[in-house]
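Before any comments, here is the structure.
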Amino acid sequence: MPASAIGAQLYTLRDFTKTPDDIRQTFVKVRCLGYEAVQASALGPIEPAELAAIGKDEGLKIVATHTSYQRICDEVQAVIDEHHTWGCRHVAIGGLPQEYRNCEGFSRFAAEASVAARPLVDAGLTFSYHNHSFELERFDGRTGLEILCEESDPDVFSFEIDTYWIQHGGGNPVTWLERLRERMHIVHLKDMVMYGSKQLYA
């Protein structure tokens, strides 16, 4: 696997990854499309070793995941062990828990997640935060995303910038990709344009 890879985000296929058999069939189809890598997200119940075996059998490397923040807080060693089983370094959370979605909450999350995710980094993994558009709301002149960037530990807290959601929130994806280039391991590269009053995206 090269240093960088284009992978399929399995969240987009979540209706077809509910059982181990579903996952295998979906991996076969994803590989037939030409992908060699996936980000595991929204999978149904499956043992880590079985998922690793399916990936190996079907020629797809798990290069990143979406993992719940609660699991990182409550069972971080299990998260570490799973990622080592998959040969996967990049752990991301899919969004900000609801209780943090205010000015004070962004600051609190930046501090708390920097501590909670430290064991991942110490184990050779990375921790990334996936944005939506609500992080572009301003609080006393700063966006939520700026608060996360400025108040988190840069040695621990990285970003998984989603270009669609940046655009959706009125931001410039290029600006944010440039700003966070030293703190990104993963990018969700998705288009979004307005056509009349409708959003078009891919």
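The values are calculated or read from the model by the stated rules, or taken from the named source; none is laboratory data. Just so it is clear, the model here is predicted, and its values are computed rather than measured. So basically every Cβ, Gly included, is an ideal-geometry build from the backbone, and we count neighbours across all protein chains shown.
The table below lists the values:
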{"quantity": "Neighbours by Cβ (under 6 Å, 6+ apart or cross-chain): first from the range 97-116, of a type outside the set (A, V, I, L, M, F, W, C); second surrounded by 15 or more Cβ atoms within 10 Å (Cβ to Cβ) and in a helix (DSSP H, G or I)", "calculated": "P97/Y69; Y100/F109; S107/I147; S107/E151"}
{"quantity": "Strands (runs of 3 or more DSSP E) enclosed by the range 38-130 - at least 2 residues per element that are among the hydroxyl-bearing types (S, T, Y) and within 18 Å of L148 (Cβ to Cβ)", "calculated": "126-130"}
{"quantity": "Yes/no for E160 being in contact (Cβ under 8 Å) with a residue 60 or more places away in the chain and either part of a helix (DSSP H, G or I) or not assigned by TED's automatic domain parsing to the domain that holds V38 (or both)", "calculated": "yes"}
{"quantity": "The range 49-76: number of residues that are over 16 Å from V30 (Cα atoms), out of contact with any helix residue (DSSP H, G or I) (no Cβ under 7 Å at 6 or more places or on another chain) and charged (D, E, K, R)", "calculated": "2"}
{"quantity": "Pairs where the first residue, in the range 57-85, is of a type in the set (A, V, I, L, M, F, W, C) and the second is exposed (fewer than 15 other Cβ atoms within 10 Å of the Cβ), C-beta under 8 Å, 6+ apart", "calculated": "I62/G87; V63/M1; V63/A5; A78/R71; V79/R71"}
{"quantity": "Index of the failed condition, M194 passing every other in (1) closer than 15 Å to G95 by Cα; (2) assigned to a strand (DSSP E or B); (3) not polar (S, T, N, Q)", "calculated": "(1)"}
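Yes/no matrix, rows are residues, columns are (1) small (G, A, S); (2) surrounded by 19 or more Cβ atoms within 10 Å (Cβ to Cβ); (3) closer than 15 Å to F106 by Cβ:
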{"position": "C149", "(1), (2), (3)": "no, yes, yes"}
{"position": "D153", "(1), (2), (3)": "no, no, yes"}
{"position": "F157", "(1), (2), (3)": "no, yes, yes"}
{"position": "I161", "(1), (2), (3)": "no, yes, no"}
{"position": "Q167", "(1), (2), (3)": "no, yes, no"}
{"position": "N172", "(1), (2), (3)": "no, no, no"}
{"position": "T175", "(1), (2), (3)": "no, no, no"}
{"position": "R181", "(1), (2), (3)": "no, no, no"}
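Residues are listed down the side, and each one gets a yes or a no for (1) crowded, with 20+ Cβ neighbours inside 10 Å; (2) assigned by TED's automatic domain parsing to the domain that holds E135; (3) in contact with an Asp or Glu (Cβ under 7 Å, 6 or more places away or on another chain); (4) of a type in the set (K, R):
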site	(1), (2), (3), (4)
Y11	no, no, no, no
C32	no, no, no, no
K56	no, no, no, yes
V79	yes, yes, no, no
A92	yes, yes, yes, no
